[in-house]
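Okay, structure first, notes after.
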Amino acid sequence: MHHPFKRSKRSRETTDSSSYRANLPSPKSEQRHRGPIQLPSSNFLQFVGFIIAILITGTLYISLSKSASRRTGMSPTPSNTTNFGIGSTRVRSPPPKVIDRTVLHVLHDTHEPNDHHDLSPPTVSRPHLKWPPIVTRIPESKGVSELEHTGAHAPSILTAPAADAVKSDESICGSFPCRFLLPLRIAEQEPKAHLHLHQLAILASSLNRTLVLPNVGNNRIGACSKWPFNSYYDVDLFRSALPAINTLPFTVFNSWSETRPVLPTSRVVSFSVSERDSLPNPLTDDDFTIDYGLADHKVASCLHSKFPRLHQSSSIISFRFYHNNLIRPSMSQRLIQTLSEAVDAVEYFSDELAALRKSDVLAIEWDLRHPIFPEPNIDLQYSHALVEVAERLASFAGPYTAVHWQLERVPVENLAWCAASLVSTLRSVLDDDDSGPQLVWFATDYHTLSEQPSSVKTKSARSGTFQAVKPEHEEAMNIIQDAFQTGGDLEGYVITELPSQIKRLRIFEGNVQFEEEVLEDSGVSGILDKLVSMQSQVFVSGSKACSKTSSSSKQIVDFRESVMRDKEIVLDIRNVVELFGEW
């Protein structure tokens, strides 16, 4: 039986034969002692000779080591040094280096397949050395997601963690392995964000993956947001509108990613718009380019903090679409083919694309403004809870005029004139009917009127993209507030806004089904303002010169037009929209 510390007889003779023979008695000497003296047995002499040989060899080794240390100034066996027993040559073993696996792909490409047979240092000989072996190649990591390629499907031939991973995937997806598409970040804000979510649903279905319903928060949709998907949208209606697309709640996916016995494989993929000549040496196609580099800081930090088991690499594969290209069926087909099949591509990307196709999770950063799939978009409905709160607010307020004014991107030199125009327009529509509404519901991306600073200071606004409030914004708001004061053009009318109406509703009618922190979310407040404005008796909005072109304003106008056409909808709506700030 082999013992790890026992050397072979041949190895002993090779190493110690000269010393052993030098200390044995010669034949002549042995003959001179023949006589009446009884010599020890031959076995005993061999044992004594072996002990003497060991002592002489050890003494000689210590002497040579000290001599070498005096010449080199080094200790006989320096720290962090491995003596492989090959004479006076020592190989210094460096501290282990941690590298990303993507670096291995680059190193692999710099060597021909035949280069791997000679990777040991040429100055080191290894006679009769069989252990430790030389590492000449580092194999690819092999998770449970790749077991299907090796034919290891039966639980009986899987290791325990792999078998548990199969059970975990089957319990979530109904089969093994699970394949997910995770909307990591959608760049555009609500309400356009839900249109892009539908595009991602089509992409997931085309790749035979399950769409993870992302979180929401601060007017955006993405896995890194704070609130669950149903805080904004009706999940059941979304699923029924896309019956052929598999979806999974975010909480279930998050639990799967944290507890799966075998680490899930993942890749980050970015979709964005680029001008044709903006990328150096890209993989060009008629529709898009493919680039490979480091992930955006926000994306990387989100993965690291929220999905540590999915943060396996800081690299990202980017698909950049040409801005001036029209949508063509060939473009979407080419994209799906690249993401799902072994298509011809530049060799540099072949390994990365292959790994992408086999990854358990595709984390998507979606920074597009127009659809890339020609299928018609669905209308994502808001949650029942938000609709109910909006109906209660509208009913509690009584007859009212809604003003929807988004100040972002309006030239600051126009703001004072636009505010004066709004006051004039309100005076006109309110005076048209003495029995009309006495309340003005003011919805804006500016911070609430009750929070206005008392002095001219920069202040954050309610919108995620409206970053700073300037003195001109405060001046415009002061013009509007002064109009409702005694002696103002709108004296006798009352101006209100969402936060104050929610407080009144809570005082008189109790709970509104939302936590205070959720109601302060800019996305929730924007949706409620929009739903309340849809139900107003009179609606006023800004012209292009005075207000940002808004998808929310368009949704309000479209809804009011449909109500005016459909007499079966019972709502007291007296106009579609009245614009202020027209030249």
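Brief remarks follow.
- Residue in the range 304-319 that is more than 30 Å from residue 556 (Cα to Cα), at pLDDT below 80 and assigned to a strand (DSSP E or B) present: yes
- Contacts under 6 angstrom Cβ, first residue in the range 414-432 being among the hydroxyl-bearing types (Ser, Thr, Tyr), partner in a helix (DSSP H, G or I) and buried (at least 18 other Cβ atoms within 10 Å of the Cβ), 6 or more apart: none
Conditions tested, residue by residue: (1) under 40 Å from the mean Cα position of the chain (by Cα); (2) at pLDDT 95 or above; (3) surrounded by fewer than 22 Cβ atoms within 10 Å (Cβ to Cβ); (4) in a loop (DSSP other than H, G, I, E, B).
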{"site": "505", "(1), (2), (3), (4)": "yes, no, yes, no"}
{"site": "508", "(1), (2), (3), (4)": "no, no, yes, no"}
{"site": "511", "(1), (2), (3), (4)": "yes, no, yes, yes"}
{"site": "514", "(1), (2), (3), (4)": "yes, no, yes, yes"}
{"site": "517", "(1), (2), (3), (4)": "yes, no, yes, no"}
{"site": "523", "(1), (2), (3), (4)": "yes, no, no, no"}
{"site": "532", "(1), (2), (3), (4)": "yes, yes, no, no"}
{"site": "546", "(1), (2), (3), (4)": "yes, no, no, yes"}
{"site": "549", "(1), (2), (3), (4)": "yes, no, yes, yes"}
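- Pair list, Cβ < 7 Å and 6+ apart or interchain, from the range 551-576 residues that are more than 15 Å from residue 401 (Cα to Cα) to residues that are among the hydrophobic types (A, V, I, L, M, F, W, C) and in a helix (DSSP H, G or I): 559/534; 569/563
- Residue within the range 384-394 that is at positive phi, of a type outside the set (A, V, I, L, M) and within 37 Å of the chain's Cα centre (by Cα) present: no
- For the range 490-531, taking the residues that are out of contact with any helix residue (DSSP H, G or I) (no Cβ under 9 Å at 6 or more places or on another chain) and hydrophobic (A, V, I, L, M, F, W, C), the one that is farthest from residue 553 (Cα to Cα) is identified as 507.
- Filter result for residue 542 (in the same structural domain as residue 432 (by TED's automatic domain parsing), within 23 Å of residue 378 (Cβ to Cβ), small (Gly, Ala, Ser) and touching a residue at least 24 places away in the same chain (Cβ under 8 Å)): no
- Candidates 218, 208, 230 - the one that is among the polar types (S, T, N, Q), closer than 23 Å to residue 334 by Cβ and modelled with pLDDT of 90 or more: 208
- Among the residues of the range 534-544, those that are assigned to a loop (DSSP other than H, G, I, E, B) and either among the polar types (S, T, N, Q) or modelled with pLDDT of 95 or more (or both) comprise 535, 536, 537, 543.
- Output for the range 179-203, where each listed residue is closer than 19 Å to residue 269 by Cβ, of a type outside the set (D, E, K, R), at pLDDT below 95 and out of contact with any Pro (no Cβ under 6 Å at 6 or more places or on another chain): 184, 186, 187, 193, 196, 197, 198, 201, 202, 203
- The single condition among (1) more than 20 Å from residue 355 (Cα to Cα); (2) surrounded by 22 or more Cβ atoms within 10 Å (Cβ to Cβ); (3) touching a Phe, Trp or Tyr at 6+ places or on another chain (Cβ under 8 Å) that residue 222 does not satisfy is (3).
- Residue satisfying condition, being without any contact (Cβ under 8 Å) to a residue 24 or more places away in the chain and either closer than 26 Å to residue 527 by Cβ or not assigned by TED's automatic domain parsing to the domain that holds residue 218 (or both), within set 502, 507, 480: 507
- All conditions in (1) in a helix (DSSP H, G or I); (2) at positive phi hold for residue 409, with the sole exception of (1).
The values are calculated or read from the model by the stated rules, or taken from the named source; none is laboratory data. Values in this document were obtained by computation on a predicted structure and should not be read as measured data. Every residue, glycine as well, gets a Cβ built from its backbone with ideal geometry; the counts of neighbours run over all protein chains shown.
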